[in-house]
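Engineer: Questions regarding the structure given below will be posed in turn.
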Amino acid sequence: PAAVIVGIDGPSGTGKSSTSKAVAAKLGLRYLDTGAQYRAITWWMLNNGIDVKDAEAVADAAGKPEIVSGTDPAAPTITVDGADAAAPIRTQEVTSAVSAVSAVPEVRTRLTELQRAIAAEAPDGIVVEGRDIGTTVLPDADLKIFLTASAEARAARRSGELGGKEAADLAATRAALVRRDAADSGRKTSPLAKAADAVEVDTTELTLDQVIECVVTLIEEKR
Ligand code: C5P
């Protein structure tokens with residue numbers, strides 16, 4: 001079959017990453033986590049003393065770090081200037097700062113170019129997950145999925161992922177998640193939004209396996 005390009009968007013805690021990785025692995029496609037790239041550039045800004053609230057400073061630095069994404073769904077990788085960034089991009093500090101950095105147009109232009117190049121190079125196709133894949137990055141994708149879930153379900157899933165002490169504070173997790181989604185949806189440049197031709201899947205009442213099955217079926221119908 002011809003290469004298939006799939007975009008999976010939606011707010012945090014809807015199961016985007018788990019779904020995208022599993023679907024890509026099942027169908028022999030590459031996988032790209034664009035959120036990891038926004039986190040990576042944010043991590044670099046924090047490490048280099050750039051005030052993430054200063055949009056001009058962020059814009060000036062946007063081209064500086066070299067970000068490389070490995071697209072094997074079984075073992076996705078991300079490096080910044082050659083350093084493994086997989087763990088540090090998941091810290092609370094990065095999570096709190098990422099929406100400000102990703103709202104800066106120069107950051108988006110840079111990463112959008114990188115994402116398009118990676119998608120174009122995938123031999124059999126790719127599953128790309130993010131917030132603006134269907135609307136901006138890959139408007140001609142063969143299939144666009146928009147995952148949703150209630151704020152309660154999303155907070156519970158995110159809490160489960162965090163584990164330990166943070167898991168206890170469901171209310172705080174929910175508040176932080178709702179704040180980040182509002183920032184991502186409300187920004188001027190390429191906000192989190194469902195493309196007109198995207199298929200919306202509400203995952204609130206579904207297990208991960210059911211969501212994976214649903215997306216696999218939708219892709220197979222396109223191939
Ligand atoms: O998916 P994840 O939660 O790792 O994404 C982190 C952040 O990166 C999002 O909250 C959003 O600010 C930004 N992002 C974006 N556009 C994308 C993917 C992620 O702005 N395509």
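Engineer: Among the residues in the range 130-145, are any surrounded by 18 or more Cβ atoms within 10 Å (Cβ to Cβ), within 14 Å of the ligand (Cβ to nearest atom) and among the acidic types (Asp, Glu)?
Structural biologist: Scanning the range 130-145, I find at least one residue that is surrounded by 18 or more Cβ atoms within 10 Å (Cβ to Cβ), within 14 Å of the ligand (Cβ to nearest atom) and among the acidic types (Asp, Glu), so the answer is yes.
Engineer: Could you grab the pairs with beta carbons closer than 6 Å, sequence gap of 6+ or different chains, first residue in the range 124-145 and closer than 22 Å to Thr203 by Cα, second one within 13 Å of the ligand (Cβ to nearest atom) and in a loop (DSSP other than H, G, I, E, B)?
Structural biologist: Within 6 Å, the pairs are Arg131/Leu192; Asp132/Ser190; Gly134/Ala195; Thr135/Ala193; Thr135/Ala195; Lys144/Ala195.
Engineer: Looking at Arg223, Arg180, Arg187, which is the one that is over 15 Å from Gly15 (Cα atoms), exposed (fewer than 14 other Cβ atoms within 10 Å of the Cβ) and of a type outside the set (Ser, Thr, Tyr)?
Structural biologist: Exactly one residue qualifies, and that residue is Arg223.
Engineer: Could I ask something else about it? Against the conditions (1) without any contact (Cβ under 8 Å) to a residue 60 or more places away in the chain; (2) under 28 Å from Ile219 (Cα atoms); (3) among the aromatic types (Phe, Trp, Tyr), where does Trp44 fall short? Just the number, please.
Structural biologist: (2)
Engineer: Of Lys21, Lys53, Lys64, Lys16, which residue is in contact with a Pro (Cβ under 9 Å, 6 or more places away or on another chain) and of a type outside the set (Gly, Ala, Ser)?
Structural biologist: Lys21
Engineer: State whether the residues of the range 66-87 include one that is small (Gly, Ala, Ser), within 14 Å of the ligand (Cβ to nearest atom), within 23 Å of Lys188 (Cβ to Cβ) and surrounded by 21 or more Cβ atoms within 10 Å (Cβ to Cβ).
Structural biologist: The answer is no; no qualifying residue exists.
Engineer: Name the residue that is nearest to the ligand (Cβ to nearest atom), counting only residues in the range 1-60 that are modelled with pLDDT under 95 and over 20 Å from the mean Cα position of the chain (by Cα).
Structural biologist: Ala3
Engineer: Kindly provide the set of residues from the range 106-129 that are within 13 Å of the ligand (Cβ to nearest atom), open to solvent by less than 60 Å² (accessible area, probe 1.4 Å), of a type outside the set (Lys, Arg) and assigned to a helix (DSSP H, G or I), ordered by number.
Structural biologist: Val107, Leu111, Thr112, Leu114, Gln115, Ile118, Ala119
Engineer: What number of residues within the range 9-33 are at positive phi and open to solvent by 30 Å² or more (accessible area, probe 1.4 Å)?
Structural biologist: The qualifying residues number 1.
Engineer: Let me ask another. Please go through (1) more than 15 Å from the chain's Cα centre (by Cα); (2) among the aliphatic types (A, V, I, L, M); (3) in a helix (DSSP H, G or I); (4) farther than 30 Å from Val215 by Cα for Val101 and return the number of the only condition it doesn't satisfy.
Structural biologist: Going through the list (1) more than 15 Å from the chain's Cα centre (by Cα); (2) among the aliphatic types (A, V, I, L, M); (3) in a helix (DSSP H, G or I); (4) farther than 30 Å from Val215 by Cα, Val101 breaks only (1).
Engineer: Within the bounds of the range 34-42, is there any residue that is open to solvent by 30 Å² or more (accessible area, probe 1.4 Å) and touching a strand residue (DSSP E or B) at 6+ places or on another chain (Cβ under 7 Å)?
Structural biologist: No, that holds for no residue.
Engineer: Can you give me the number of residues within the range 43-59 that are open to solvent by 40 Å² or more (accessible area, probe 1.4 Å) and within 25 Å of Leu192 (Cβ to Cβ)?
Structural biologist: Here the count works out to 7.
Engineer: Given the structure, is Ala149 loosely packed, with under 13 Cβ neighbours inside 10 Å and at pLDDT 95 or above?
Structural biologist: no
The values are calculated or read from the model by the stated rules, or taken from the named source; none is laboratory data. All values derive from a computational prediction rather than experimental measurement. Glycine also receives a Cβ, built like all others from the backbone with ideal geometry; neighbour counts cover every protein chain displayed. Surface areas here come from the heavy atoms of the whole protein model, side chains and all, with no ligands, DNA or RNA. Shrake-Rupley method; radii C 1.70, N 1.55, O 1.52, S 1.80 Å.
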